[in-house]
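The values are calculated or read from the model by the stated rules, or taken from the named source; none is laboratory data. This structure is a prediction, so every number in the text was calculated from the model and none was measured. Don't worry about glycine lacking a Cβ; one is built from the backbone with ideal geometry, like all the others, and counts go over all protein chains shown.
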Amino acid sequence: MAVFPSGGKDVLASRRIAAYVLPGSQRVWPMKMRIPVSLDSSLEPSIQSDRGALREKIVLEP
């Protein structure tokens, strides 16, 4: 798993994880950001799934 700034290529955080999340459930993986991230910004986590790589934009709210 890796986290990027929205539209960016520099990795803000990464972690090797060998786990899964079943539909309808959730799981938390704490990650330490390499630089401070503003609460009014957006991030793009990138994960590898059984259907390929997924990267989606999420907006942070203060």
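Numbers for the structure displayed
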quantity: Any pair with Cβ under 6 angstrom, 6 or more apart, that starts in region 1-22 at a residue that is closer than 18 Å to L43 by Cβ and ends at one that is surrounded by fewer than 12 Cβ atoms within 10 Å (Cβ to Cβ) and of a type in the set (D, E); calculated: none
quantity: Members of region 1-27 that are over 14 Å from Q48 (Cβ atoms), in a loop (DSSP other than H, G, I, E, B) and aliphatic (A, V, I, L, M); calculated: V11, L12, L22
quantity: Residue satisfying all of: in region 1-51; modelled with pLDDT under 90 and acidic (D, E); nearest to P62 (Cα to Cα) among these; calculated: D40
quantity: Filter pass, R55 being touching a residue at least 40 places away in the same chain (Cβ under 8 Å) and within 13 Å of the chain's Cα centre (by Cα); calculated: yes
quantity: Residues (of a type in the set (S, T, Y) and either loosely packed, with under 11 Cβ neighbours inside 10 Å or out of contact with any strand residue (DSSP E or B) (no Cβ under 7 Å at 6 or more places or on another chain) (or both)) located in region 42-53; calculated: S49
quantity: Residues satisfying the stated conditions in region 29-55, i.e. under 12 Å from M1 (Cβ atoms) and part of a loop (DSSP other than H, G, I, E, B); calculated: W29, P30, M31
